[in-house]
6 protein chains.
Amino acid sequence: MQELPISRFPVPELAELPEDIRNRIIEVQEKSGFVPNVFLAFAHRPDEFRAFFAYHDALMEKESGLTKGEREMIVVATSGFNQCIYCVVAHGAILRIREKNPLLADQVASNYRKADITSRQRAMLDFAVKVSTQAYDVGDADMELLREHGFTDEDIWDIGAIAAFFALSNRMANMLEVRPNDEFYLLGRVGRDKS
Amino acid sequence: MQELPISRFPVPELAELPEDIRNRIIEVQEKSGFVPNVFLAFAHRPDEFRAFFAYHDALMEKESGLTKGEREMIVVATSGFNQCIYCVVAHGAILRIREKNPLLADQVASNYRKADITSRQRAMLDFAVKVSTQAYDVGDADMELLREHGFTDEDIWDIGAIAAFFALSNRMANMLEVRPNDEFYLLGRVGRDKS
Amino acid sequence: MQELPISRFPVPELAELPEDIRNRIIEVQEKSGFVPNVFLAFAHRPDEFRAFFAYHDALMEKESGLTKGEREMIVVATSGFNQCIYCVVAHGAILRIREKNPLLADQVASNYRKADITSRQRAMLDFAVKVSTQAYDVGDADMELLREHGFTDEDIWDIGAIAAFFALSNRMANMLEVRPNDEFYLLGRVGRDKS
Amino acid sequence: MQELPISRFPVPELAELPEDIRNRIIEVQEKSGFVPNVFLAFAHRPDEFRAFFAYHDALMEKESGLTKGEREMIVVATSGFNQCIYCVVAHGAILRIREKNPLLADQVASNYRKADITSRQRAMLDFAVKVSTQAYDVGDADMELLREHGFTDEDIWDIGAIAAFFALSNRMANMLEVRPNDEFYLLGRVGRDKS
Amino acid sequence: MQELPISRFPVPELAELPEDIRNRIIEVQEKSGFVPNVFLAFAHRPDEFRAFFAYHDALMEKESGLTKGEREMIVVATSGFNQCIYCVVAHGAILRIREKNPLLADQVASNYRKADITSRQRAMLDFAVKVSTQAYDVGDADMELLREHGFTDEDIWDIGAIAAFFALSNRMANMLEVRPNDEFYLLGRVGRDKS
Amino acid sequence: MQELPISRFPVPELAELPEDIRNRIIEVQEKSGFVPNVFLAFAHRPDEFRAFFAYHDALMEKESGLTKGEREMIVVATSGFNQCIYCVVAHGAILRIREKNPLLADQVASNYRKADITSRQRAMLDFAVKVSTQAYDVGDADMELLREHGFTDEDIWDIGAIAAFFALSNRMANMLEVRPNDEFYLLGRVGRDKS
């Protein structure tokens, strides 16, 4: 089945890639055991690859008032609205692992309003979905509501920026038709996957 | 975690239930190894329980030009649009089992247009989603398109009727907040579950 | 004009039908003076016919905290949103008769927010329309609002279940193109029709 | 029941009105047997009254390639989408009378796509609804389609202009909450009303 | 470039026009220095021309609790939602001139919620946009909110009526493809244009 | 008026910034004569600043089958749909300069379908808007259509990637409430601005 194309666009050979990109790909493979297809799909455009993953890391890997699991909830909830298979499946796997919860990702992808989350996380996702689907209407009242749940202004930037970054990511994955690796579907479902 | 409520409404004890309903529940438990929560949630209303499952069986269990797996695709695709966690998770499990494919359900729930399905199945799901979201606009051209893909008129009724039945089912599950059983999330993912 | 087809699908002869279905049809004809076309359209599928009308009766004929007129308001309001001619016309007639009000059905079908109804009925229809069009967003606040208007939890189930059932019914009628009987259009308009 | 307010805004006494407006109102009363409430509601603003009815007459009373019945179909179809009780009920009555058809108005108001109309009228209403709901997307292909159904360019202007005028009218009636006269509901339903 | 057509429909010669229309056009040319194309496009239909501009003047030229600048804000905000180039460009110019503010029109056309306006004007535009896009849902609470901002009931009529009139105007301009005069684009941008 | 805040979040002093970011800002100021506020707003987050502008440059500054003017059309059209004042105003200015056309930006921001563009550019913007608003539905037929207009696969990536990047950018600008510099509003309108 893995003969199915990874991307609608050409996927370069590892050997052809600039060294920094090849190294990044080798690094993720060593860490995860496989190369997530989004790396291969974006490698067709090295400059965009570098900017995309630099942006990703600036939001998803740094210190933040949001846990890494909460950040993945934002990705999964907004990617669900954008109907992006790649991001729902790949980040759903990461969410399961980060939260050590095999159920949460499928809930958040389908309907975050009825998922097993706290009311603080519900407020976080309400805001993320608003930024994702109607950012033009974001205003002071939204900020106020988040502050009441204990979010700092820096947290609010993080929530909105993750939603905004995956607005880009979802559109790219849907346009490129990036195929999620088979590995993602099962990751984190049986409680013994590494983080 | 299974202490979380199964339904927003009262869930009767098995012993309190009319005999036919109790028997149906025991039967499904013996077959599946657990009682899907939708049975317990609907048991609060015995007459609606009987009609609901009679309708379900009339569409999903009978002989049809659609395979049982294709019928589950319709359920999962339309339930995804209706943001119904219960139906996406429970019928996603059944779809994986019916099709012996651990990947398909998550794809169809997120974006059936980019799932690993045939063009005939794509036409089937386009129609099902149209019935689910804009039945008022269904017309002769839709029928014609399906016939070109080899569907008979009886098949077309089946596709539309399943979409219509789960329009009901999704709304009930969302209103009742029926919680999917934990078992569903993993079923059919590792290729060794029974049908 | 009545030469126009009743359904896009075949309509069986009464003599060909299973006895229970034939009897049900004869019974409704004796009561109403004509056979509503939805009975003939669904008779093409006896098992679905039985489940459909059993479900209908379980909601619309039983004792309830909602009057029969209020239940018809729910049908007419949600069928208006679903653009279902059959249900708007047929249940509009029943609504006029139940409420002995020749004006209400046309108002509720066009815009229930500006119809001659009480504020309690407005809350009821707001909830019914929410279940019909965005059940995924139904939550505790909706329940609370209905309770403030004096609805019990059983009433709330009834409101939502009727909206959900006609989500099914509207989609079937639109897919089948069930034609409302000419009789419905005038019923209850001149204040002397039987209930 | 007619104690219910005719408009959310003040309704002037006939005696207080400028003579031309009073005469117009008396004239319509003599012709129709009652004063449609839209005349009384708009009389609060004499200059707007004059412009509104001048515009109305320029479109609805003049010679046109569209019959008067067809023009009323446009009003009823687009007013249905705009959820305007006044226009659906009042112009539904006029449509029944113009077409000598007691069924058509309820069909067109609910779902013109499945109403008893010709394919030429279907094309006319498709265009009218497009102008009403997404005029920004009207283009050459729409014109071409209408010409294929035999509409002249002047007819096309008429279709679009009626849809545009009732976009105004529907919004005013909904903002003012103009109540349709009880008389409209029954007009044209029993085949013996005057034209 | 001005060889591009002014309207999709025929544009009459000034000499062919009825005298009152010709005079009106000459008058606007003398006042503005050019003839806005909407006058030429509507001149194809003299009766509609007269009603259209009479309606326009009744709302936009009369005494009102709204300043002329505020009325233009309503036009620009609602025309932005309706994607009407003519009205955004032409009334954007008038708004810049009326408010002696070269920035405001582009802000209001893009997203009035983030424009440099007062909270009273924000409430005004919220209502105008509601009348423009969902008048069926306008109710007492909307009136109350406007009254809290100091608007009288006559002001409220004005706001809604301007939104309703430009619902018509936007649809006509889009159907006719009326081209804005080149002059409008620069008017009021450099702070020295006449009012 | 320029006392109005540039961003909802803190804006750092130039002296506090990392050297590479300060240099980039000084460079743009020297080239443009002022510092576009988006640079100052993003400077609050240096890592995101670097990734954002690296991504921007990778798409907007490189060699491409699309002219720089066409790329700005994509930005303006999609930013109009996203109701982003900053991007409409700032990139509208750049579009006027790139295309040496003072009218085009306002047209494309309001309704690109009726703007003064070629049919090839219309196809380009149709695709860009589809990626921006419904990327989940992008498929082979969209690619085929673009190829018929002479776009290469690399061009198609560019169109979609620009639409995707500004999906991010518009959401950030709306969340941060980045205020466009006053200078942008007039740039390119009078035909003598530098490129």
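Values for this structure:
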| read-out | value |
| --- | --- |
| Dipole magnitude of the protein assembly as shown about its Cα centre (Cβ charges: Lys, Arg +1; Asp, Glu -1), debye to nearest 20 | 0 debye |
| Column: log10 I(q)/I(0), Debye, Cα scatterers of the stretch B:60-126, q = 0.12, 0.21 Å⁻¹ | -0.24, -0.77 |
| Identity and axial distance of the chain B residue whose Cβ lies nearest the axis relating B to A, Å | B:Arg189, 3 |
| Solvent-accessible area of C:Val28 with every protein chain in place, 1.4 Å probe, in Å² to the nearest 10 | 20 Å² |
| The stretch C:110-195 - convex hull of alpha carbons, volume per residue in Å³ | 140 Å³ |
| Angstrom value of the Kirkwood radius, inverse mean 1/r, which spans all Cα pairs in the protein assembly as shown | 31.9 Å |
| Cβ-vector label at 7 Å, C:Gln29, separations to other copies in nm | 4.7, 5.2, 7.5, 7.5, 9.0 |
| For the stretch E:1-47, projected area of the alpha-carbon convex hull averaged over all directions, nm² | 3.5 nm² |
| Kirkwood Rh (inverse of mean 1/r, distinct Cα pairs), the stretch A:110-160, angstrom | 11.1 Å |
| Total charge dipole magnitude, the stretch D:118-195, about the Cα centre, Cβ charges on Lys, Arg, Asp, Glu only, Debye to nearest 20 | 480 debye |
| Chain D: most fluctuating residue of D:Val35, D:Val138, D:Val89 per GNM, C-alpha cutoff 10 Å | D:Val138 |
| Simple Cβ-charge dipole of the stretch F:78-136, Lys/Arg +1 and Asp/Glu -1, about Cα centre, in debye nearest 20 | 140 debye |
| Ascending list, in nanometres, of distances separating the B:Ser119 label from those of the other copies (7 Å, Cα toward Cβ) | 2.6, 2.6, 5.4, 6.0, 6.0 |
| Kirkwood Rh in Å, taken over all unlike Cα pairs in the stretch C:10-110 | 14.6 Å |
| Residue-averaged 222 nm ellipticity for the protein assembly as shown, from DSSP H runs of 4+ at -39500 (n - 2.57), nearest 500 | -20500 deg cm²/dmol |
| Quarter of Cα convex hull surface for the stretch A:21-175, i.e. mean projection, nm² | 9.1 nm² |
| Given B:Lys68/B:Lys114; C:Lys68/D:Lys100; D:Lys31/D:Lys100, the pairs whose alpha carbons are separated by over 28 Å | C:Lys68/D:Lys100 |
| Cα centroid of the stretch D:84-144 to Cα centroid of the stretch D:159-181, whole Å | 14 Å |
| Most to least accessible of D:Lys68, C:Lys31 (protein chains only, probe 1.4 Å) | C:Lys31, D:Lys68 |
| A:Arg71, F:Arg122, reordered so the largest accessible area comes first (probe 1.4 Å) | F:Arg122, A:Arg71 |
| Label distances, nm, C:Glu61 versus same residue in remaining copies, Cβ-directed 7 Å point | 2.3, 5.4, 6.7, 6.7, 7.6 |
| J(HN,Hα) series, the stretch F:83-100, from Karplus relation 6.51 cos²θ - 1.76 cosθ + 1.60, nearest Hz, glycine and proline x | 6, 9, 4, 3, 6, 5, 6, 5, 6, x, 4, 5, 4, 4, 5, 4, 8, 6 |
| With DNA, RNA and ligands ignored, accessible area of D:Glu148 (1.4 Å probe; Å², nearest 10) | 140 Å² |
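The values are calculated or read from the model by the stated rules, or taken from the named source; none is laboratory data. Because the structure is a prediction, the values reported are computed rather than measured. Glycine gets a Cβ as well: all are built from the backbone with ideal geometry, and neighbour counts include every protein chain shown. With ligands, DNA and RNA removed, areas are computed over all heavy atoms of the protein, side chains included. Shrake-Rupley method; radii C 1.70, N 1.55, O 1.52, S 1.80 Å.
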